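The structure appears right after this line, and notes come after that.
The numbers here are math on the coordinates, done by the rules we state, and not lab data. What you see is a predicted model, and the numbers here were worked out from it, not measured in a lab. Note: ideal-geometry Cβ built from the backbone for every residue, glycine included; neighbour counts use all protein chains shown.
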Amino acid sequence: MKTQLLSAQCSTDLTQAAELLKAGEQVAVPTETVYGLAADASNPDAVAGIFTAKGRPANHPLIVHLGDVASITEWATQIPDEAYKLANAFWPGPMTLLLPRAEHVSPVVTGGLDTIGLRVPAQPVLLDLLATHQLAVAAPSANPYKKLSPTTAEQVVHGLGGKIAAVIDGGPCQHGLESTIVDLTKRPFSVLRAGPITASELSAVLGETVEAPEQHDTVVPGNVGSHYQPNTRLQMVAADLSDLPAPHPEKRAALLHFGDAPTRDDLVCIAMPDDAARYGQALYHQLAQADQLGVDEIWLAQPPHGEAWLAVHDRLRRAVS
Ligand code: TXA
Ligand code: MG
């Protein structure tokens, strides 16, 4: 299959993307978090094609992306008031709400679970596509299973080219890390996956504490320990680079660091932003760049701690080999 590169700037390309989706094809789409691999959520065969393209286990649930808040009633049931409070505060945006699923939802979408993840994405071209064509799309990150999530269309083609009908190129993603997942199916409410919106921000809107376990012990298929991995071995080093391994005569490494680069011929140095939001935006992209250098290892300087960095640490914990 030849994967078509469509432009988010071109209205005929977008019409074509909508037609492909309605015809049951898989199309990678830009979102404000990472690129997603979309298929019509009301067509189980189309959704099954996502799992085939990614090599993803069938019991890993998908997030359904909607064009407006009102559509959640078509996909979820027993929706608490808090869902609307959060939706009004953070949608369109990088937040996924976990709710009891509506009866008609195919188990292919939810991995057989009784719950469903829903979000209204903020990326304007995707949002417009969903709203204009009244589409709801199931979309996991557009990467082969366990690999780095793509934050550019080129990255999508690198991982899934030849396996999907098309990619809409909407430029680099704004956040660069996947959405915050909030479980509203049981109390106390909790964050199942850290993301751009923090538990404090969620709690402030609800006027009650949303829990944010630093390490998630809830076993959800798909919430697996090894994930988001570059092909090259990734290792953490101290932020001040005091424990860098000594140079090896035959090996080269990429170093993702803060501040000044050390002067060493065996290293390709990549400077990372020291602000959490900009770091998150750069992380997958720079790991993918480092991966393509053909180095023996990637060393990454330990980022700071604190709530703003939780999503970064969550992904890094799973990315180190
Ligand atoms: O930002 C994002 O959320 C991106 C973009 C494309 O929207 N999507 C994304 O999807 O990250 P994916 O499939 O790569 O990750 C979704 C995670 C999975 O790890 C899955 O375990 C969890 O969401 N999830 C989805 N539905 C769930 C459910 N019903 N119950 C528990 N976890 C669920
Ligand atoms: Mg993913």
Matching residues in the range 60-74 - criterion: being out of contact with any helix residue (DSSP H, G or I) (no Cβ under 6 Å at 6 or more places or on another chain), more than 12 Å from residue 136 (Cα to Cα) and surrounded by 15 or more Cβ atoms within 10 Å (Cβ to Cβ)
60
List the strands (runs of 3 or more DSSP E) inside the range 75-170, counting only whole elements, that have at least 3 residues being within 14 Å of ligand 1 (Cβ to nearest atom) and either of a type outside the set (D, E, K, R) or buried (at least 22 other Cβ atoms within 10 Å of the Cβ) (or both).
95-100, 115-119
Applying the selection to the range 171-181, what residues are assigned to a loop (DSSP other than H, G, I, E, B), within 16 Å of ligand 2 (Cβ to nearest atom) and not small (Gly, Ala, Ser)?
173, 175, 177, 178
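State all residues of the range 21-39 that are buried (at least 23 other Cβ atoms within 10 Å of the Cβ) and more than 14 Å from ligand 1 (Cβ to nearest atom); if no residue qualifies, say none.
To start, the set of residues in the range 21-39 that are buried (at least 23 other Cβ atoms within 10 Å of the Cβ) comprises 21, 26-31, 33-39.
Result: 21, single match.
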Search result, residues across the range 54-98 that are away from ligand 2 (no atom under 16 Å from the Cβ) and among the hydroxyl-bearing types (Ser, Thr, Tyr)
71, 73, 77, 84
